[in-house]
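The values are calculated or read from the model by the stated rules, or taken from the named source; none is laboratory data. Since the structure is predicted, the reported quantities are computational estimates derived from the model, not experimental observations. Ideal geometry is used to build each Cβ from the backbone, glycine not excepted, and the neighbour counts take in all protein chains shown. Keep in mind that these areas ignore ligands, DNA and RNA; they rest on the heavy atoms of the full protein, side chains included. Shrake-Rupley method; radii C 1.70, N 1.55, O 1.52, S 1.80 Å.
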Amino acid sequence: MKKVTIADVLAMPVSERILFVEDVWDSIAAAPDTVQLSDAQREELDRRLESYHNNPSGGSPWEEVRARVRG
């Protein structure tokens, strides 16, 4: 298998780079146990999960969040 360099990636059209990044992300998501979290990250995730459990309707759907960020 050919080693892909950052120069190779940057030479790709944007649409191909997006697909490449999606493929990389999917490969990471497929093995979540291999991603190590710091204690602080784990505590923050636990805090957010507890907050969600205490108030499941307190957040916003992704579509609303994206609209606010883009607006």
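I'd like to verify a number: residues in segment 1-21 that are surrounded by 10 or more Cβ atoms within 10 Å (Cβ to Cβ) and part of a helix (DSSP H, G or I), how many? Break it down stepwise before answering.
Initially, segment 1-21 is screened for residues surrounded by 10 or more Cβ atoms within 10 Å (Cβ to Cβ), giving 4, 8-9, 11-12, 16-21.
Adding the requirement that they be part of a helix (DSSP H, G or I) leaves 8-9, 11, 16-21.
Total meeting the criteria: 9.
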Notebook entry, point to check: If you take the residues of segment 24-61 that are open to solvent by 100 Å² or more (accessible area, probe 1.4 Å) and of a type in the set (D, E, K, R), which of them is nearest to residue 9 (Cα to Cα)?
Noted result: 33
Item checked: Matching entry among 69, 65 (being open to solvent by 100 Å² or more (accessible area, probe 1.4 Å), at pLDDT 90 or above and assigned to a helix (DSSP H, G or I)) -> 69
